[in-house]
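The next block holds one structure in the form of structure tokens; read it before the comments.
The values are calculated or read from the model by the stated rules, or taken from the named source; none is laboratory data. Treat the numbers as computed from the prediction; the structure is a model and nothing was measured. Quick reminder, even Gly has a Cβ in these numbers, built from the backbone with ideal geometry, and neighbours come from all protein chains shown. SASA here: full protein model, heavy atoms, side chains in, ligands and nucleic acids out. Shrake-Rupley method; radii C 1.70, N 1.55, O 1.52, S 1.80 Å.
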Amino acid sequence: MKLRPAHLGSTLRSLALRVTARGRRRLALEHGALHSRTRKPGLVGVDFEGTVSSDGLEISTYVVGPDDAEATVVFIHGFTLAAEVFYMQVDYLRTNFPGVRSLLIDARGHGQTGPVAPALCTVEGTAHDVLAAIREHAPTGPLILVGHSLGGLTALNLIKNADHELASRISGLVLVATSIESLSAQGLPQVLASPIADRVRGTAEASPGDAAKFREYASQFLAPTLATAVFHRPTNWKVIEFHAAMIHETPLETFVGFFDDLQEHDELDAAAALEDVDGFVIAGEKDNVTPLGQAERICELWPKAHLQIAADAGHMIPLEAPMILNNAIAALLRGISRRRSAPRNRQARRGSW
């Protein structure tokens, strides 16, 4: 089909914008991919959208699925991302497990929750956000936690600090592209320790006006660096633009606030809390942010976990290799169904829901 001049101009403009990170961000925002609730990439058909209170913050929260759900899958996104990164998993559950609820948040400093003080940007704080959402929207019934990258650390923090009632409800865990040890000498924290990161820190301590002027400069360098090499499998351009837009939307305060915490934080002391939890550790074969060795280390500390390696995939498994994550969630949901059919065995092992 021959393109009319207007269509040709639009196509050439799109190709030109895709060359730079700033251009990809502009395209993604123009496409309405972020927070539209009507277009993909992104969450659509959300049954509840609102906020929950956590440490005095209002955390944007999303629910898809019935109130009387058989189980709830709690999705916890990674650094510089948002709840929408799991839209393919939510769509999969809606189609294949209509009796299951999906619960998602935009953790503090991310997505529609927006900027918070840098001092509040911690793994422990994000765990508080998830707990607040669970208490409000999934107060009963089995839970499966799915954490990607920073979200995996958050899930581990939540599990190790869970009271007996909450711990008895956690029926599965999926850790995706996650570390359990300090990342101070590898992957993402190397980026966060760069001279550019030091400039971001210094700017955050300057006047609000100066910080605002520097934000665009920081985005030009930090966002492309964080996005470098995260996709290794062939991926649709709209998905890549969608990912870039989430990074660029992340407030400067969030970059600054998580720098120190991500450099030194570990969850090694969560290992004891994982003894009775079924689950999966999923790693991208070519992940340059959280190397495969970190997945193997988690499995050493969590013997019940099943290690799944996404061939040729990088760090963005929810978008790049969605079915390996979907299948892991499905396996855990089927396990809940089997245990429900044998309540005496389940009660002896885990306690009642």
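The single condition from (1) open to solvent by 10 Å² or more (accessible area, probe 1.4 Å); (2) at pLDDT below 95 that Ala313 fails is (1). Could you tell me which of the residues Val130, Val146, Val116, Val174 is at negative phi, assigned to a loop (DSSP other than H, G, I, E, B) and of a type in the set (Val, Ile, Thr)? It is Val116.
Between Arg334, Arg297, Arg338, the distinction of being open to solvent by 10 Å² or more (accessible area, probe 1.4 Å), in a helix (DSSP H, G or I) and modelled with pLDDT of 95 or more belongs to Arg334 only.
Under the condition of being over 21 Å from Phe242 (Cα atoms) and part of a loop (DSSP other than H, G, I, E, B), the residues counted in the stretch 44-63 number 3. Being modelled with pLDDT of 95 or more, open to solvent by less than 10 Å² (accessible area, probe 1.4 Å) and either over 26 Å from Glu300 (Cβ atoms) or hydroxyl-bearing (Ser, Thr, Tyr) (or both) holds for only one residue in Ile134, Ile170, Ile144, and it is Ile134. If you check Asp163, Asp106, which single one turns out to be without any contact (Cβ under 8 Å) to a residue 12 or more places away in the chain and either closer than 20 Å to Ala272 by Cα or not basic (Lys, Arg) (or both)? Answer to the selection: Asp163. Of the residues making up the stretch 31-40, none is in contact with a Pro (Cβ under 7 Å, 6 or more places away or on another chain), surrounded by fewer than 23 Cβ atoms within 10 Å (Cβ to Cβ) and modelled with pLDDT under 65. Taking the stretch 64-84 as the range and being touching a His at 6+ places or on another chain (Cβ under 9 Å) and outside any loop (DSSP other than H, G, I, E, B) as the test, the residues that pass are Thr72, Phe75, Ile76, Ala83, Glu84. Would you be able to say whether some residue in the stretch 90-101 is in contact with a Pro (Cβ under 8 Å, 6 or more places away or on another chain), surrounded by fewer than 24 Cβ atoms within 10 Å (Cβ to Cβ) and either assigned to a helix (DSSP H, G or I) or among the polar types (S, T, N, Q) (or both)? Yes. The helices (runs of 4 or more DSSP H) found entirely in the stretch 186-287 that carry 1 or more residues being open to solvent by less than 20 Å² (accessible area, probe 1.4 Å) and modelled with pLDDT of 80 or more are 237-249, 252-264.
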